[in-house]
Amino acid sequence: MVNPPATGAAVPPRGAAVEEFRAAMRHFPTGVTVLTTTGPAGPHGMTANAVMSVSLRPPTVLAAVHHDTVTHAILDAATSFTVNVLAADQEDLAVLFARSGPDEDPFLHVPWRPSELTGNPVLTQSVAVLDCHLDRRVAVADHTLAIGAVATARVHRPDAAPLVFARRTFQTVTRP
């Protein structure tokens with residue numbers, strides 16, 4: 001299967017200053033995930049909070065990946081990716097996958113299994129897992145939006161609180 005190329009073009013700088021934008025966005029809470037895929041060297045993952053549902057019909061998600069990351073290069077050749085939604089008790093995994101370098105293998109430190117559908121790593125204690133076929137890539141500024149057709153969606157820990165990131169810290173959402 002040939003991967004579709006990224007579409008779109010780099011957007012010239014305009015609008016709010018970077019630091020003002022960053023300061024404003026710190027007040028927007030996001031869920032925390034580990035985006036996984038499989039490349040020539042084996043399993044790969046990165047912490048990602050720029051992940052969102054795009055459509056219910058058909059089920060579609062997107063993940064924004066910076067052009068300078070190892071993940072970007074691996075996803076460029078991939079046909080699928082998996083979104084592992086982290087629970088509040090998995091902050092250590094978020095940090096592990098955010099800080100691992102090219103010579104480190106975070107999968108040595110976390111229980112996982114290959115997805116039956118894509119072979120991508122599924123973190124076994126995740127709240128939920130979305131296994132996706134890579135539908136298209138869209139280049140936007142210094143990121144690529146990886147748009148995935150959700151092939152399977154499973155909730156593994158329905159009572160676990162999700163891990164959230166806001167104001168530069170991990171947080172928990174609790175039920176009233």
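The values are calculated or read from the model by the stated rules, or taken from the named source; none is laboratory data. Predicted model, so just to flag it, every value in this text is computed and none were measured. Remember, those area values only see protein heavy atoms, side chains included, never the ligands or the DNA or RNA. Shrake-Rupley method; radii C 1.70, N 1.55, O 1.52, S 1.80 Å.
Summary of computed values
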{"quantity": "Top of Glu116, Glu20, Glu104 by mean-square fluctuation, Gaussian network on the chain, Cα under 10 Å", "calculated": "Glu20"}
{"quantity": "Cα shape, region 65-123, gyration tensor, a/c 1.5 rule", "calculated": "oblate"}
{"quantity": "J(HN,Hα) series, region 120-133, from Karplus relation 6.51 cos²θ - 1.76 cosθ + 1.60, nearest Hz, glycine and proline x", "calculated": "5, x, 10, 6, 5, 9, 5, 5, 8, 9, 10, 9, 10, 8"}
{"quantity": "Region 110-176: C-alpha gyration tensor shape, a/c 1.5 cut-off, then a/b vs b/c", "calculated": "oblate"}
{"quantity": "In Å², nearest 10: area of Leu130 left accessible to a 1.4 Å probe", "calculated": "40 Å²"}
{"quantity": "Choice from Val129, Val85, Val138 showing the highest fluctuation, given a GNM over the chain with Cα pairs closer than 10 Å", "calculated": "Val138"}
{"quantity": "Rounded percent of accessible protein surface that carbon and sulfur make up, the chain, 1.4 Å probe", "calculated": "60 percent"}
{"quantity": "Using θ = phi - 60° and Karplus 6.51 cos²θ - 1.76 cosθ + 1.60, couplings along region 163-173 (whole Hz; Gly, Pro as x)", "calculated": "7, 10, 10, 7, 6, 6, 9, 7, 9, 10, 9"}
{"quantity": "Solvent-accessible heavy-atom area per residue, rounded to whole Å², over the chain at 1.4 Å", "calculated": "59 Å²"}
{"quantity": "Largest-first principal axis extents, alpha carbons of the chain, Å", "calculated": "45, 43, 40"}
{"quantity": "Computed helical MRE - 222 nm, the chain, DSSP H runs ≥ 4 contributing -39500 (n - 2.57), nearest 500", "calculated": "-4000 deg cm²/dmol"}
{"quantity": "Cα gyration tensor shape for region 40-97, rounded if a/c is under 1.5, else prolate or oblate", "calculated": "oblate"}
